[in-house]
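A.B. asks: What follows is a structure written as structure tokens; I'll ask about it next.
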Amino acid sequence: MNAATLDARETRDPAEREAALLAALPGLVAHAKAHSPAQAERLAQVDAAAIGSRSALAAIPVLRKHDLLARQQAARAAGGDPFGGFAASGWSGLHLARRAKRVFQSPGPLYEPQGLDEDSWRMSRAMFAAGFREGELVHNSFSYHLTPAGAMMEEGALALGCTVFPGGVGNTEMQLQAMADLRPHGYCGTPSFLKIALEKAAGRPLSISKALVSGEACPPSLRDWFGAQGIAAYQCYATADIGLIAYETPAREGLVLDEQVIVEIVGPDGVPVEEGEVGEVVVTSFDPDYPLIRFGTGDLSAVLPGQCPTGRTNTRIKGWMGRADQTTKVRGMFVHPSQVQEIVRRFPELGRVRLVVSGEMASDAMALRTECATPDEALRARVAEAIRELTKLRGDVQWCAAGSLPDDGKLIDDQRSYR
């Protein structure tokens, strides 16, 4: 094994990698049809044995997150499978082939299973590229509550042989005390929390020298700021549904794709675009517990030409380049237009609304602007509580004059700078 890579797969001939992924596709489709009821319905007209090329894969319609959410909601309303039939693992009563280790809730709410396999989200590859090594202590500040991010990072660290401190979110002073007492080698979590922690340390020396950050954008300016504090911070691109998709290397040239996914960059019609063109990131995962085929992430990116100078031979993408829809991330949590619509449904007196995300990364703010004709403080408090309940985030409620909000159909307006 190359000491600079996790395993030999990262440096194999690209043709060998492509052949291995395509050879595994028919088995994945057959498994999904046999063990995932929703995929059996979705792929009813698909001959699994014939899906052995990228062109054949591209003929399958893209699975959108809002379609997955709608299917889950309908199934739960009918008293059925909380996964909407997309999972192949669960627990007693769901009549699924495999047993899930955990089940998580993401904003929506969307439910995702975790299988029994070690490092089932494959995060160890990104952690190794960021410099984490066996025997080191990792301070994990991703959430261990409801959402899978904390478990995703922890399992990757454990697979490398690291020890993990489960910091979770919030309690900044307590986490700083733990960092001072335990002297961890590395950090994983959102870049915004790392910045907050370093600023609140107020000169107290921290032992952290490396970080794997995710959940929100980490622009070059923030990466350089971390470097000035003595921390080499690397990004990874992962989702609760898929796990690791791509990761940054010491070359700092885009993100290298994970070895166990097929990634396509597609246009609005779901057809792959030419190399270098910007499009939506669509991923096919070989996870036997949650076999998602042509899953549309809603994120925009583009393929970078050439190979990584570190010797890794897999395709590289430019990283996060925006959203194909209005969905955005605030402090590591997705905020969906459907959540804003739910607030309007609960409070029809609000009139036209617009959720505005402003500020800079690591110090962003969220505010619901509304043309309410009858504003009062009691209503403001109730709406703010609904925002907190639905998005798991705090947001201000701002009264606006009638006709002052743009009539452009947009419910979420991300005004942050990503430079």
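The values are calculated or read from the model by the stated rules, or taken from the named source; none is laboratory data. On a predicted model such as this, the values are computed, not experimentally measured, just so you know. Virtual Cβ from ideal backbone geometry, glycine too; neighbours counted across all protein chains shown. Ligands, DNA and RNA are stripped out before the accessible areas are found, and what is left, the full protein with its side chains, is counted by its heavy atoms. Shrake-Rupley method; radii C 1.70, N 1.55, O 1.52, S 1.80 Å.
A.B. asks: Put a dot 7 Å past each Cα toward the Cβ at HIS145 and VAL271; how far apart are the dots in nm?
C.D. replies: 4.8 nm
A.B. asks: Largest first and to the nearest Å, give the Cα extent of the chain along each principal axis.
C.D. replies: Here the Cα extents, ordered largest to smallest, are 64, 57, 45 Å.
A.B. asks: Give me the one-decimal nm value for the distance between modelled label points at ASP117 and GLU18, 7 Å along each residue's Cα-to-Cβ direction.
C.D. replies: Calculated label separation equals 2.4 nm.
A.B. asks: Report the extension gain between ARG76 and GLU377 in nm, rounded to one decimal, defined as 0.36 nm multiplied by the number of residues separating them, less their alpha carbon distance.
C.D. replies: Numbers: separation 301, 0.36 × 301 = 108.36 nm, distance 3.53 nm.
Net length gain for the segment: 104.8 nm.
A.B. asks: Just to check, using Stokes-Einstein with a Kirkwood Rh over alpha carbon pairs, what's the diffusion coefficient of region 1-112 at 4 °C and 1.567 mPa s in µm²/s? Could you put the intermediate results ahead of the total?
C.D. replies: Values: Rh = 16.2 Å.
Rounded to a whole number, D works out at 80 µm²/s.
A.B. asks: May I ask you to list the lysines whose Cα is less than 23 Å away from that of LYS33, ignoring any residue fewer than eight positions away on the same chain?
C.D. replies: Those lysines meeting the cut-off are LYS65, LYS101.
A.B. asks: Which residue, MET174, MET366, MET152, has the most motion in a Gaussian network model of the chain that connects Cα atoms within less than 10 Å?
C.D. replies: MET174
A.B. asks: Here's something else I'd like to know. Given a 1.4 Å probe and every protein chain left where it sits, what share in percent of the accessible area of region 60-173 is carbon and sulfur? Could you put the intermediate results ahead of the total?
C.D. replies: Numbers: 2490 of 4630 Å².
For region 60-173, the apolar C and S fraction of the accessible surface comes to 54 percent.
A.B. asks: Which entries of LYS318/LYS392; LYS210/LYS318; LYS329/LYS410 have Cα-Cα distances beyond 18 Å here?
C.D. replies: Cα-Cα > 18 Å for LYS318/LYS392; LYS210/LYS318; rest within.
A.B. asks: Would you grab the residues whose amide H sits under 5 Å from the one on LEU304? Only those 5+ places off in sequence or on another chain, please, with H modelled 1.01 Å from N.
C.D. replies: Correct list: ARG316, ILE317, LYS318.
A.B. asks: Can you give me the distance in nm between label points at ARG54 and HIS66, each placed 7 Å from the Cα along the Cα-to-Cβ direction?
C.D. replies: So the two model labels end up 2.8 nm from each other.
A.B. asks: How big is the equivalent ellipsoid of region 261-419 along its three axes, where each semi-axis is √(5λ) from the Cα gyration tensor, reported in whole Å from largest to smallest?
C.D. replies: 37, 16, 15
A.B. asks: Let me ask something additional. Out of region 58-96, which chymotrypsin sites (Phe, Trp or Tyr not before Pro) are coil in DSSP terms and have no more than 14 other C-beta atoms within 10 Å?
C.D. replies: Those satisfying the criteria are TRP91.
A.B. asks: Do any GluC sites (Glu not before Pro) in region 218-281 lie in a loop, going by DSSP, with at most 10 other beta-carbon atoms within 10 Å of their beta carbon, and if so which? List each step's numbers first, then the result.
C.D. replies: Working: sites: GLU248, GLU253, GLU259, GLU264, GLU274, GLU275, GLU277, GLU280; in loops: GLU253, GLU259, GLU274, GLU275, GLU277.
Taking region 218-281 and a limit of 10 other Cβ atoms within 10 Å, the loop GluC sites (Glu not before Pro) found are GLU274.
A.B. asks: Given 0.36 nm per residue, what is the gain on full extension from ARG394 to LEU158 after removing their alpha carbon distance, in nm? Show your work: numbers first, answer last.
C.D. replies: Values: separation 236, 0.36 × 236 = 84.96 nm, distance 3.25 nm.
Between ARG394 and LEU158, full extension yields an extra 81.7 nm.
A.B. asks: How about region 230-323: which trypsin sites (Lys or Arg not before Pro) there are in a DSSP loop, with at most 14 other Cβ atoms within 10 Å of their Cβ?
C.D. replies: Sites meeting the loop and neighbour criteria: ARG252.
A.B. asks: Would you mind checking region 108-149 for residues with the amide N under 18 Å from a putative spin-label position 7 Å along Cα→C-beta of GLN260?
C.D. replies: Once the point is set 7 Å along Cα→Cβ of GLN260, 112-130, 148-149 turn out to lie under 18 Å by backbone N, inside region 108-149.
A.B. asks: From the alpha carbon gyration tensor of region 226-311, can you work out the equivalent ellipsoid semi-axes (sqrt of 5 times each eigenvalue) and give them in Å, largest to smallest?
C.D. replies: 24, 17, 12
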